[in-house]
Amino acid sequence: MGIPNYPVHLEDPLFQGFYDGLDAGELRVTVDAETGEFQWYPPEVVPGRPDARLEWRAVSPLGHAYTFTTVVRSLLPGDHNDEVPYTVILFEPDDAPGVRIAGVLVDDDGVAPACGMRLKFRPVEVGDHKIAGFAPA
Amino acid sequence: MMKPGKIAITGVGETPFLRKGEEHVMQMMTRASLAAIADAGLKPTDIDGYIINKYAGHPSEEIAHAIGAGQKRFSAVADSAGGTATTGDALRLAQLAIEAGLCKHVLVPYAIRSTKPGGVYAFHAREPQKAGLEMPAGFFGQPTYFASMANRYAHEYGMTEEEQAALPMTYRAWAAITPSAQRRDPMDLAAYRASPMISTPLRVADCCLTTDGGGAYVVSSVDYARHLPHPVVAVQGLGLGYNNYPHGVLFSQKPCTFEFPVRESAAMAYAMAGISPADLDLAQVYDGFTISALVQTEMLGLCDVGEAPRFYAAGHAMPGGKMPINTSGGHMSGGYVPGINLLIEAVRQLRGGEGARQVPDARLCAIAGLGGNNHSTTILARM
């Protein structure tokens, strides 16, 4: 299996906390600082609360795959077809139901990906950046 | 709710659908528009209203100038995407304008150049949330998004490879008897399996075509349509549904990623038309991908929820089946001019006279138009 190596474009600081979390070995998502409710992906405006402030919170490294797909032909801008195949997971942490984090399946030892499969977060270094990896738990 | 039977589609026209064409969008829109106006038995100077598609990128004055139209009395922009814009939103705006007496003949043009630099995915690459959080993880591009939906759907309802293949094979069977279809070569299960995988479980054969082409139609009052050359094909039902999820979160964060607001649009359309799904003679379903067409087939009420793979595998949507669907090959085999070629085919079927692919005595046709976070259901009736 390959792994996608697409540079992280962070012209908007809205997403920096996610990558700070990966560097610290954590999965971090945004919550409304006042209500504590998950607001993921970080929105420019929290619905109905334009003054709301977001803060980053670490979530459980354990969870399951909401869904997945194995990318055989890369559609990323540029030529990334030497990085396929890889399996993308939409991961739901155990303590944040409905929050989905995109990452790749790693250390699968030939286990077929499946919706609902138990997974554990593991950051993966790709080139000069990290992405979220998920290994069978 | 709008009233049924007030407006009619009086003219339809299109360009050839090509894998790679030479003409730009404006040329194709003009060519399709002139064909539609002529088909209606009208002159360009009769056109006094326009519904423009924001993704086509050309304002109404450019269209009016290009076709040699008369005085413009009304124009509006369809504020939705994909098939919702071309087969639902545009018709609703046209009915409002015609019933208000603002204009008499509304032109709805559209063209797409899928082979332009950047391709059809460039739009998504500009979404900050996708660029910031999804693309580095390799989650990018429509086939990848819809493949992840297909796996979730299969997890919840079950879908074998043979059942999945039945939908593109059905649409190809219709394309094979449609002279203007872009892909007419036969597709059996072996040919389906030979189609390259893009993102599991979606193969090239599960995706809409890459098309350079255009389509257009003319909307007039039903009263006026009675004096024009073709049988009257009226808008009998029209509903739109919205889920308000921005595009940045649409494919990953919705509670159920493969749910589209079809139930809402279909309920409105059936109520306006005063019919049920069982009354339909045929349907045209926006088939960007196998999974999205399966889900819309269910939500339109053409089969039970979770049963669309079996419905197609049983041959019910094939030529001669009990509910013919995408009778010119749809977007997966006929051509991908989002929504508009489905509507054109619906009109032609209801007029009768489509030769080998004509659905006998077709009088009621539903058109399902998907536009990401919005959806339209339109019911056309031969009066």
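Table for the structure above
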| quantity | calculated |
| --- | --- |
| Selected from B:Met135, B:Met187, B:Met159 as most flexible by GNM, with chain B as the system and alpha-carbon contacts under 10 Å | B:Met135 |
| Most mobile listed residue (B:Cys256, B:Cys207, B:Cys365) in chain B, GNM with C-alpha springs under 10 Å | B:Cys256 |
| Spatial separation of Cα centroids for the stretch B:208-253 and the stretch B:254-295, in angstrom | 13 |
| Those GluC sites (Glu not before Pro) in the stretch A:33-137 that DSSP places in a loop and that have at most 14 other beta carbons within 10 Å | A:Glu34, A:Glu37, A:Glu44 |
| Residues with amide H under 5 Å from that of A:Leu27, placed H, sequence gap 5 or more | A:Val59 |
| Total formal charge among the other residues, if their Cβ is under 15 angstrom from that of A:Val124, Lys/Arg +1 and Asp/Glu -1 | -4 |
| Shape box of the stretch B:263-383 [Cα atoms, principal axes, largest first, Å] | 34, 30, 28 |
| Where labels lie 7 Å past Cα in the beta-carbon direction, separation of A:Asp128 and B:Arg73 in nm | 6.2 |
| Per-residue ³J(HN,Hα) for the stretch A:15-31, Karplus 6.51 cos²θ - 1.76 cosθ + 1.60, θ = phi - 60°, Hz, x for Gly and Pro | 9, 4, x, 5, 6, 4, x, 4, 4, 8, x, 10, 9, 10, 10, 9, 10 |
| At 0.692 mPa s and 37 °C, Stokes D of the stretch B:1-86 from Kirkwood alpha-carbon radius, µm² per second | 233 |
| Interatomic Cα distance distribution for chain A, bins of 5 angstrom, percent | 2, 10, 19, 21, 19, 16, 8, 4, 1, 0 |
| Rotationally averaged projected area of the stretch B:326-383 (alpha carbon convex hull; nm²) | 4.0 |
| For the stretch B:150-238, alpha-carbon Rg relative to the globular expectation (2.2 N^0.38 Å, N residues) | 1.56 |
| B:Lys54/A:Asp109 FRET efficiency (R0 60 Å; Cβ-Cβ; nearest 0.05) | 0.80 |
| Globularity index of the stretch B:1-158, i.e. its alpha-carbon radius of gyration over 2.2 N^0.38 Å | 1.25 |
| Additional length obtainable on full extension of the chain from B:Ala194 to B:Lys43, 0.36 nm per residue less Cα span | 49.6 nm |
| Most mobile of B:Ala194, B:Ala283, B:Ala234 in a GNM of chain B (Cα contacts under 10 Å) | B:Ala194 |
| Histogram of C-alpha separations across chain B, 20 Å bin width, % | 31, 60, 8 |
| Total formal charge among the other residues, if their Cβ is under 13 angstrom from that of B:Ala137, Lys/Arg +1 and Asp/Glu -1 | +1 |
| Enclosed volume per residue, in Å³, of the convex hull spanned by Cα atoms of the stretch A:1-43 | 108 |
| Taking the stretch A:11-137 and dividing mean pair separation by its residue count, relative contact order in percent (alpha carbons under 8 Å, at least six apart) | 22 |
| Net charge of Cβ neighbours under 11 Å - reference B:Ala56; Lys, Arg +1; Asp, Glu -1 | +1 |
| Antiparallel bridges, percent of DSSP beta bridges restricted to the protein assembly as shown (to nearest 5) | 85 |
| Cα centre as origin, Lys/Arg/Asp/Glu Cβ charges: the protein assembly as shown dipole, Debye | 1740 |
| Assigned charges on the beta-carbon of Lys, Arg, Asp, Glu; the stretch B:226-351 dipole about Cα centre (debye) | 280 |
| Whole-angstrom Cα spans of the stretch B:231-324 along principal axes, big to small | 42, 31, 21 |
| Taking all pairs of distinct alpha-carbon atoms in the protein assembly as shown, Kirkwood radius in angstrom | 23.7 |
| Long-range HN-HN contacts of B:Ile52 with modeled amide H, under 5 Å | B:Ala76, B:Val77, B:Ala78 |
| Semi-axis lengths (Å, descending) of the ellipsoid that matches the C-alpha gyration tensor of the stretch B:84-229 | 35, 23, 16 |
| The stretch B:56-141 pair-distance distribution - Cα-Cα, 5 Å bins, rounded % | 2, 11, 18, 16, 17, 11, 9, 8, 5, 2, 0 |
| Amide H within-cut-off set for B:Gly13, under 5 Å, with H built and near neighbours excluded | B:Ala36, B:Ala216 |
| Exceeding the 28 Å Cα-Cα cut-off - candidates B:Lys54/B:Lys104; A:Lys120/B:Lys254; A:Lys130/B:Lys20 | A:Lys130/B:Lys20 |
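Values quoted throughout were computed directly from the atomic coordinates according to the rules given, and no laboratory measurement underlies them. Everything numeric here is computed off the predicted structure, so don't read it as measured data. In this analysis, Cβ positions are derived from the backbone assuming ideal geometry, glycine residues included, and neighbour counts consider all displayed protein chains.
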